[in-house]
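These notes are about the structure you will find just below.
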Amino acid sequence: MRSRVVVEGIERTPHRCLFKALGLTDEELQKPLIGVANSWNEVIPGHKHLREIAEAVKAGIRLAGGTPLEFNTIGICDGIAMGHEGMKYSLPSRELIADSIEVVAKAYQFDGIVLIASCDKIIPGMLMSAARLDIPAIFISGGPMLAGRFRGRDVDLHDVFEAIGGYRAGKTSYEEVVELENVACPGVGSCAGMFTANTLNILSEAMGISLPGNGTAPAISAERLRLAKHTGMTIVELVKRGMSARKVMCREAFLDAIVVDMALGGSTNTILHLMAIANEAGVKLTLDDFDEISEKTPTLTKLSPAGAYHVQDLHEAGGVPALMKELSKRGLIHVERPTVSLKTIGEIIAVASVKRYDVIRPITNPYSEKGGIMILKGNMAPGGAVIKISAIPEDLYHFEGIAKVFNSEEEAVEAILSGKISRGDVVIIRYEGPKGGPGMREMLTATATLVGMGLDRDVALVTDGRFSGATRGISIGHVSPEAAEGGPIGVVKDGDRIVIDLRKKRLDIDITIEELKERLNKFTPLRKKLAGYLHRYSQLVTSANIGAVFRT
């Protein structure tokens, strides 16, 4: 065991002395030392209950003959950080989280590690650390929040964001907005729809780096606590067998995760995060992989914001194993690969079944024959761009409009709220990429306001930033190269005609090649005055089309 270098031998007497100062006994120090990385805090609804999850994990570790050692890392709630300067720190926090876990795990030479988180950047940060460390590792989330109830229907956070636009447009009263505000998020857990947090929770299960049920068992359920105990028990067995993270996080695991993502119509943010995790695991993953898999993967669910169902419905329908069983009927799943459950994916899905075909459609009757995310290219995005096509009706697959250009999210939102955006416009928000933002902010405030004002069918939004999983409408993000890197989005002018053709997977400025070259030759990207972590981040981060990872 790795930890023996810390606790065995006469030379390690001081080390044992310090462990004993923590109250540990000789018997405990003789057992596998299991790190428990917990992102508990009091500022994220998905994390407020993680102390309870951690206690259950530690109970499981002790039951199986290990010694748990808990430590913490940071976390940011994207919903609370949304729409202001705080969102610039969300994606950059991913790298801090991965680094902090690596530092502690290496310093203490843990034999294995359990990673506990619920929300957007914390999950991929933890999975990046697992791949980087390549020791036995299991991830467990705090689970999804239940949907709220509002006037006879299920609601979640995206309804609240969209209500703002409804109020501004005179469609929703202030009293109705306040009533919705008080019920849409009824308690702990990651927000109830197929947003980034729940998409990543589900994909961790699809990859096999978490136990079956992790992606969908509700946060408030006793099932979640039992799952946490089994997670603690299982990590000790993984240590005994020497089954490290990269044995699970193989290329086939990432490909299967993409398949599940496409079938769910999940968040576009997963592209950033899967590529970053794969990079740490030494697995090559490109935008072309996502596009090729999307072409052959049917969309089998319509969860909020694309439909009326929530993650609790998916759980009731049979969860991730049931969904993967349907997908396996077309040979889309690598059934022989291992998982942390010590079963193959094939063994897990063999005993699964779909219990609600209204939530998970049969493979013979999908919502669409193609997946929920599409990669676009064109003269405006030669490195690629991303759109959540599952949230767009087919009659909007071709859209042409006039560019209204903004150099920040705030400028764009102000224009939308003040009525300066009209039907047929294409809102361009640039200098919001990983380098230019910096931090690649989500544009949910902008897109939700358009929806609330009834403009989501008539106005498109294109950005080198990104979108929340709660986004719907003609919203194109991750435009690469970004403006700060000299990309063509930086030379779009007010009044340019923008052509979006989803059937051809194109995003273009309707100008000649010669004019585009001339504009780019004269172009000098804006430079923002930065300090602190954001300055260091902007110097190190790469483009969105390779996962916004740090340069090595």
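I'd like to check something: does the range 417-431 contain any residue that is closer than 27 Å to LEU264 by Cα and open to solvent by 10 Å² or more (accessible area, probe 1.4 Å)? Checked against the condition, which is being closer than 27 Å to LEU264 by Cα and open to solvent by 10 Å² or more (accessible area, probe 1.4 Å), the range 417-431 yields no hits at all. Of all residues in the range 174-210, those being surrounded by fewer than 24 Cβ atoms within 10 Å (Cβ to Cβ) and either in contact (Cβ under 8 Å) with a residue 24 or more places away in the chain or aromatic (Phe, Trp, Tyr) (or both) number 9.
Selection within the range 152-173: residues that are in contact (Cβ under 8 Å) with a residue 24 or more places away in the chain, more than 29 Å from the chain's Cα centre (by Cα) and part of a loop (DSSP other than H, G, I, E, B). The member of this set that is nearest to ARG224 (Cα to Cα) is THR172. Considering only the range 64-80, state which residues are without any contact (Cβ under 8 Å) to a residue 60 or more places away in the chain and closer than 20 Å to MET126 by Cα. If the condition is that a residue be without any contact (Cβ under 8 Å) to a residue 60 or more places away in the chain and closer than 20 Å to MET126 by Cα, then LEU69, GLU70, PHE71, ASN72, THR73, ILE74, GLY75, ILE76, CYS77 are the ones that fit. Taken over the range 1-57, residues that are assigned to a helix (DSSP H, G or I) and open to solvent by 80 Å² or more (accessible area, probe 1.4 Å) amount to 10. Checked against (1) outside any helix (DSSP H, G or I); (2) in contact (Cβ under 8 Å) with a residue 40 or more places away in the chain, ARG224 passes all but condition (1).
Residue-wise test of (1) free of Cβ contacts under 8 Å to residues at least 12 places away in the same chain; (2) out of contact with any Cys (no Cβ under 9 Å at 6 or more places or on another chain); (3) surrounded by 18 or more Cβ atoms within 10 Å (Cβ to Cβ).
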| position | (1), (2), (3) |
| --- | --- |
| GLU369 | no, yes, no |
| MET374 | no, yes, yes |
| ALA381 | no, yes, yes |
| ASP395 | yes, yes, no |
| PHE399 | no, yes, yes |
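Give me a count of the residues in the range 74-89 that are surrounded by 24 or more Cβ atoms within 10 Å (Cβ to Cβ) and either hydrophobic (A, V, I, L, M, F, W, C) or modelled with pLDDT of 95 or more (or both). Counting residues in the range 74-89 that are surrounded by 24 or more Cβ atoms within 10 Å (Cβ to Cβ) and either hydrophobic (A, V, I, L, M, F, W, C) or modelled with pLDDT of 95 or more (or both) gives 3.
The residues on offer are LEU69, LEU127, and the sole one that is in the same structural domain as ALA228 (by the TED database) and assigned to a helix (DSSP H, G or I) is LEU127. So, THR524, is that one hydroxyl-bearing (Ser, Thr, Tyr), part of a loop (DSSP other than H, G, I, E, B) and modelled with pLDDT of 95 or more or not? Yes; evaluated as a whole, the condition is true for this residue.
The values are calculated or read from the model by the stated rules, or taken from the named source; none is laboratory data. This structure is a prediction, so every number in the text was calculated from the model and none was measured. Heads up, the Cβs are rebuilt from the backbone with ideal geometry, glycines too, and the neighbour counts pull from every protein chain shown. Heavy atoms of the whole protein, side chains included, go into the accessibility calculation; ligands, DNA and RNA do not. Shrake-Rupley method; radii C 1.70, N 1.55, O 1.52, S 1.80 Å.
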